[in-house]
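A quick write-up on the structure given underneath.
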Amino acid sequence: MGSNESAVTAFESGPTAYTREAVEGLKSRPTARVLIIGGGINGVGTFRDLALQGVDVALVERGDYCAGASGASSHMIHGGIRYLENGEFRLVKESVQERNGLLQTAPHYVKPLKTTIPIYSTFSGILSAPLRFLTHRQGKPTERGALLIKLGLSIYDAFSRGGGMVPRHQFAGKARALKELPQLNPGIKYAATYFDASVHNPERLTLDVLRDGESANMHARASNYVNVVSSGSDGVELRDELTGETFSFAADVVINTTGAGVDQTNAVLGSPSQFMGGTKGSHIVLDHPELLDACSGRELFFEHTDGRIVLIYPIGNRVLVGTTDIDAGDPGQVVCTDEEIDYFFDLIGHVFPSVPVSRDDIVYSFSGVRPLPRHDDTQPGFVSRDYRIERRDVEGPDGTVTTLSLVGGKWTTFRALAEHITNDALALLDRTRKVSTAGLPIGGGRDFPSTTTDAEAWVQGHTAPSVPAERVRVLLERYGTRAAEVIEFLQTVQDQAFHSTDELSTGEVLYMVEHEQVGHLTDVLIRRTSLAFRGLVTAELLHELAAVLASALHWDNTRRNYEVEYAQRVLSQTHGIHVQSLIA
Ligand SMILES: Cc1cc2nc3c(=O)[nH]c(=O)nc-3n(C[C@H](O)[C@H](O)[C@H](O)COP(=O)(O)OP(=O)(O)OC[C@H]3O[C@@H](n4cnc5c(N)ncnc54)[C@H](O)[C@@H]3O)c2cc1C
C-alpha cells in the first residue's frame, strides 16, 4: 500500500476498548536508550539489530508496519544492475551480497527470480551511459543495447561470486529467445537472462524481523499506530492514533527512519532538515492467465525508450507491472493514476504485443514514495539509490540528544543498512556489537523446508485434528515455519473456517490480534494476508472479518461499521478496488 493509509485520524474507541499491550509497554516505561521513529523495513531492521545487542530500544510507527514505501515496492530483492551505470559499485556489491543472504535467511518469502531483458539493439546506450556516469544529470536516455547489458551482467556476476546462490547470466539470440518466450515482441534482437530475487510477502517479512527483535531482548518494545507529534523538554510527544491519547517519551538517541518523511519528522523534532527528494512509483496487479503464461515464470525487465524501468512479473497467480519514477511532493498523498495505467498498458504492448489487456484485468494498484536524497536537476531514475546517515545533536534540558536520520535505503539492503546505523548508535552509547545479523535466519525462514518433498513432509508432520493438511499448506506459505506456533495456538481456541474465504479462520485472526498488533480491518486484508493484493476482497469477507475483529478487539457497532466503511474507502481510493457496499 501507499503512505496514504498511515494518515488515519484518531478513532475514539470508547471505554470498552481493547488495551493495546504494545502501547502500554511504551507508556508504562516512557524512556529508552534509543527511540526509532518509523516502522518500515529499515526502522524495523534497525530495531532488531539493536535489540540483539541488548540495547533498551523502542520503536514507534504512526500507521501500520510496512505501510509506507516498504509496502509499495516492486518486490525485488536485487543488486540493481542498472545502478552500475550511475557508478554505484559499492551499493550494487552490497545489494548482491544481501540478496544472496536473504535467499538463505528468509527463504519463506524471498525466492529466486529468473529475469529476462529483451534487447532491441546491439549498441544503444553505449555512448550515453558513460556520459551519465560522469555527470549524473539528465541526459537523453536511450534503450540499453546488447553490449552494455552484457558488460553490466558480467560485473553483476562478478559481485555474486562466492555467494553461490544464483546461476550466471546467459545471452540468447532472437530465435532461442522467442522459442522460450513465444509471445515476446518479434522485434527483439537478443534476450539476456539472469537471476535476482523477489520478496513475495514484504509485509509479513517486516513483521517477522520485528518479532525477532521483540523476542531478542525483554527491553525491546514497538508499537504501530503511535505518531511522533511534537518534541519538548520531556522528550518527544507520542499520540496513540487509535485512541487520541498522548504521552511523552525520552531517549538518549533518536533514529529517524521515516522514509520520505524524514524532513517532516526532523521539523517535528525541532531540527529542520532538507535531506529528502522522494520520487513516486506505482504498480498494478493483474489477474490475467494469458499474460501470466506469457511470462513463463520470469520477470521481464528492461528500460523503455524514455529511460524508465519496466518490470512485468508473476507473483503467485497474478502479474505485477510497474513502475513509474516521478518527483513527488507530499509523501502522504500518492495513488496510481489513469495516466500511469495507460503507460503500463503501453509497456505490456511493447513487450507482449499479442497479449491484450484491459482495465477489467486490474485487481489491485498501489503507489509509494521512494525515500531518495534531494536531487535538484538529476533525473529521478538516475538519483543515487545508496543511503547515508545524517547526525544532528540537539541540546535538551537533560543533555544532548543525538538524532541519526536515514537518507535513502532500499528494501534489499535493509540488514546491512541496519548494521551501519546500529554501529553508529552503539558508538554513541559507548557499547560494542555482540552479535552479527549476517546469516541469521529470520522468523519463519528458520528451518524452512527447501524442497517440495520436505515441504510436504513438514505439512504432514504438523496436521492436527482441527487443522487439516490443506490448511497447514496455507499457513506454511503465509508464516513459514512460524506456522507451527499458529497451529499450536489454533488448538487452544475455538477455531472456525470463514465462509467467505478458505484462507482464513476465526482462530487465525485471533492469533494475529494477539501476536501481530492488528489495529484496523485493513491491516489483515493488506498486510497480515495478501488477500487485497490478489483481488480477493469481497463484501462478505469484509463483514465476516469485521465481526471477528469486533469480538476480539471489543469494537462496538459504530466502530465495526466505521472499519468496514474505512476499509472500503482505503481499497477504492488508494488501491483502485471497488467492493460493493453492504452498509445499510
Ligand atoms: C515504487 C517503489 C518501488 C521500489 N522497488 C524496490 C525494489 O524493487 N527493491 C528494493 O530493494 N527497494 C525498492 N524500493 C525502495 C524501498 O521500498 C524503500 O527504499 C524502503 O522500503 C524504505 O524503507 P524505510 O523503512 O526507510 O521507509 P518506509 O517504508 O517509508 O517507512 C517509513 C515509516 O515511517 C512512518 N512515519 C513517518 N512519520 C512518522 C512519525 N511522525 N511517527 C511515526 N512514524 C512515522 C511512516 O508511516 C512509514 O511507515 C521501491 C520503492 C518504491 C516507492
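The values are calculated or read from the model by the stated rules, or taken from the named source; none is laboratory data. Keep in mind the model is a prediction, meaning the values are calculated, not measured. So basically every Cβ, Gly included, is an ideal-geometry build from the backbone, and we count neighbours across all protein chains shown.
Laid out as a table, the results:
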quantity: Residue ID - farthest from the ligand (Cβ to nearest atom), chosen from residues in the stretch 34-52 that are among the aliphatic types (A, V, I, L, M) and assigned to a helix (DSSP H, G or I); calculated: LEU52
quantity: Single condition LEU404 does not satisfy, out of (1) under 19 Å from the mean Cα position of the chain (by Cα); (2) not in a helix (DSSP H, G or I); calculated: (1)
quantity: Selection count where residues are within 7 Å of the ligand (Cβ to nearest atom) and over 19 Å from the mean Cα position of the chain (by Cα), scope the stretch 53-109; calculated: 0
quantity: The listed residue being at pLDDT below 95 and surrounded by 19 or more Cβ atoms within 10 Å (Cβ to Cβ), out of VAL34, VAL8, VAL60, VAL44; calculated: VAL8
quantity: Some residue of the stretch 67-86 being modelled with pLDDT of 85 or more and of a type in the set (D, E, K, R); calculated: no
quantity: Options ARG204, ARG211, ARG221, ARG239; residue that is surrounded by 16 or more Cβ atoms within 10 Å (Cβ to Cβ), over 30 Å from PHE159 (Cβ atoms) and out of contact with any strand residue (DSSP E or B) (no Cβ under 8 Å at 6 or more places or on another chain); calculated: ARG211
quantity: Identity of the residue in the stretch 554-584, in a helix (DSSP H, G or I) and touching a helix residue (DSSP H, G or I) at 6+ places or on another chain (Cβ under 6 Å), that ends up surrounded by the fewest Cβ atoms within 10 Å (Cβ to Cβ); calculated: ARG560
quantity: Residue check, ASP293 closer than 30 Å to THR337 by Cα and at pLDDT 95 or above; calculated: yes
quantity: Test: PHE247 is farther than 28 Å from PHE414 by Cα, surrounded by fewer than 23 Cβ atoms within 10 Å (Cβ to Cβ) and within 16 Å of the ligand (Cβ to nearest atom); calculated: yes
quantity: Any hit, the stretch 269-280, residues being free of Cβ contacts under 8 Å to residues at least 60 places away in the same chain and either closer than 18 Å to VAL60 by Cβ or more than 13 Å from the ligand (Cβ to nearest atom) (or both); calculated: yes
quantity: Selection from the stretch 480-499 of residues that are farther than 25 Å from ILE442 by Cα and buried (at least 17 other Cβ atoms within 10 Å of the Cβ); calculated: ASP495, PHE498
quantity: Residues that are touching a Lys or Arg at 6+ places or on another chain (Cβ under 8 Å) and under 18 Å from ARG385 (Cα atoms), drawn from the stretch 256-279; calculated: ALA260, GLN274, PHE275, MET276, GLY277, GLY278, THR279
